[in-house]
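J.: One structure follows; several queries about it will come next.
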Amino acid sequence: MKNYLSVLALISLGAASVLGGCGGKSSSSSQDAGELYVYNWGEYIDEDVIDLFEEETGIKVIYDLFETNEEMYPVIEAGGVTYDVVCPSDYMIQKMIENNMLAEINFDNVPNVSQIAPEYMERSKAFDPENKYSVPYCWGTVGILYNTSMVAPEDAPSKWADLWNEKFSGEILMQDSVRDAFMVALKSLGYSMNTADEAELEEAKELLVKQKPLVQAYVIDQVRDKMIGGEAAVGVIYSGEMLYIQEEVENLGLEYDLEYVLPKEGTNVWIDSWVIPANAKNKENAEKWIDFLCRPEIAKMNFEYITYPTPNQGAFELLDEDMQNNKAVFPDWDSLDGCEVYQYLGDDTDAIYNNLWKEVKSN
């Protein structure tokens, strides 16, 4: 998920919540029903959903924000603030499982897990092999967005290797993320984005260094607005941004289109899921929260607010036909050949990636 938290998001949900917690209104019976400490990405839930949960259950929600998986992990590890339910990404969930930081979910308390389409539970086995610790919340892909008015039809990108086309010099936006940047290079070389092979990683690093003179900027949130504003021709972007982009293009009356493509070499299919820390004090309330979010009508509310694809089959069936057929948001599974879910590679391999990324950025 991703890295689309903005300063405005922090303000809108309450930046002070990171220090003191912010919850919506709770019912008069909230003390009897207890509390729930939630730790989630910014702008990653419809705030009305929190209110509805509190009103129905009487559980008081204390809702805090994190910006990255790497920010979230040490907070949970230290346990200074005890959270009951957290929403990390795939590879970080694997790391938390391997370090005994998560509690097994009692699925008797989460009957609505049946609404999660089987393919997402199956893909979750890449980081939660027995589907014991996590329930998918949102998912998406990483692809290439290009401006049709700035890219000739014959140069339209269809693969990661096209991001080394010198015709795009100074017009390429890359993700300022070690795993995403290396994914682009590794996939273009035909390697796994989860490789721990140092020779393959060195080759990927050299390819990124070779690309660097063509890159306008390494960005995270800004890629969306830069592409809408016509400031670059090509950008690496998360698929969940597409609904916002399409709406903005229409609202602004732009005379060009922004097209999203999944590269032929394959890409990252990411999954963000709800998990329960091992030291959670309100585990049953956490399971009620997860079950509530798995209701089709609630999952639909969140999808319409977040705009990142939902793995909830019931919610998908509630969407109109045009949205169901929006392949930028909901790609066909047969178009995801060669795609992988990020895996935690161990601290030693993480250090290798980080050191090589520093070499790319400083070169």
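The values are calculated or read from the model by the stated rules, or taken from the named source; none is laboratory data. Everything numeric in this text was worked out from a predicted model, so none of it was measured. We place every Cβ from the backbone using ideal geometry, glycine too, and count neighbours over all the protein chains shown. For accessibility, only protein heavy atoms count, side chains too; no ligands or nucleic acids. Shrake-Rupley method; radii C 1.70, N 1.55, O 1.52, S 1.80 Å.
J.: Can you give me the ranges of the helices (runs of 4 or more DSSP H) entirely in the stretch 146-251 with at least 3 residues that are open to solvent by less than 60 Å² (accessible area, probe 1.4 Å), of a type outside the set (Asp, Glu) and under 20 Å from residue 353 (Cβ atoms)? Write out each step before concluding.
T.: Values: elements: 178-188, 198-211, 222-228, 242-251.
The qualifying helices (runs of 4 or more DSSP H) are 178-188, 198-211.
J.: Whether any residue in the stretch 106-121 is open to solvent by 20 Å² or more (accessible area, probe 1.4 Å), modelled with pLDDT under 95 and under 20 Å from the mean Cα position of the chain (by Cα) is what I want to check.
T.: Residues of the stretch 106-121 that are open to solvent by 20 Å² or more (accessible area, probe 1.4 Å), as a first pass: 106-109, 111-115, 118-119, 121.
Add one more test, that the residue is modelled with pLDDT under 95, and what stays is 119.
Pick out the ones that are also under 20 Å from the mean Cα position of the chain (by Cα) and you get 119.
Checking the stretch 106-121: at least one residue is open to solvent by 20 Å² or more (accessible area, probe 1.4 Å), modelled with pLDDT under 95 and under 20 Å from the mean Cα position of the chain (by Cα).
J.: Can you tell me which residue in the stretch 74-88 is nearest to the chain's Cα centre (by Cα), limited to those that are open to solvent by 20 Å² or more (accessible area, probe 1.4 Å) and touching a residue at least 12 places away in the same chain (Cβ under 8 Å)? Walk me through how you get there before you give the answer.
T.: Let us first name the residues in the stretch 74-88 that are open to solvent by 20 Å² or more (accessible area, probe 1.4 Å), namely 74-75, 77-82.
Still in the running and touching a residue at least 12 places away in the same chain (Cβ under 8 Å): 75, 77, 79, 81-82.
On the way: 75: 19, 77: 21, 79: 24, 81: 24, 82: 23 Å.
This residue is 75.
J.: Okay, next question. Taking residue 355, is it without any contact (Cβ under 8 Å) to a residue 12 or more places away in the chain and either of a type in the set (Ser, Thr, Tyr) or assigned to a helix (DSSP H, G or I) (or both)? First the steps, then the outcome.
T.: Working: without any contact (Cβ under 8 Å) to a residue 12 or more places away in the chain: yes; either of a type in the set (Ser, Thr, Tyr) or assigned to a helix (DSSP H, G or I) (or both): yes.
Answer is yes for this residue.
J.: Okay, moving on. Quick check on this structure: which one of 344, 308 is assigned to a loop (DSSP other than H, G, I, E, B), open to solvent by less than 10 Å² (accessible area, probe 1.4 Å) and hydroxyl-bearing (Ser, Thr, Tyr)? Let's see the steps before the verdict.
T.: On the way: 344 fails: open to solvent by less than 10 Å² (accessible area, probe 1.4 Å).
It is 308.
J.: Further question on the same structure: In the stretch 89-105, which residues are touching a residue at least 40 places away in the same chain (Cβ under 8 Å) and either surrounded by fewer than 18 Cβ atoms within 10 Å (Cβ to Cβ) or under 22 Å from residue 295 (Cβ atoms) (or both)? Explain how you work it out, then say what you get.
T.: First pass over the stretch 89-105, keeping only residues touching a residue at least 40 places away in the same chain (Cβ under 8 Å): 89-96, 98, 100-103, 105.
Residues satisfying the conditions are 98, 100, 105.
J.: Can you name the number of the only condition in (1) in contact (Cβ under 8 Å) with a residue 60 or more places away in the chain; (2) touching a Lys or Arg at 6+ places or on another chain (Cβ under 9 Å) that residue 243 fails?
T.: So the condition that residue 243 fails would be (2).
J.: Right, something else. What's the number of the condition residue 36 fails, among (1) surrounded by fewer than 22 Cβ atoms within 10 Å (Cβ to Cβ); (2) at pLDDT 95 or above?
T.: Unmet condition: (1).
J.: Taking only pairs six or more apart or across chains, which ones have beta-carbon atoms under 8 Å, a first residue in the stretch 132-150 that is on the phi > 0 side of the Ramachandran plot and of a type in the set (Val, Ile, Thr), and a second residue that is open to solvent by less than 30 Å² (accessible area, probe 1.4 Å) and not in a strand (DSSP E or B)?
T.: none
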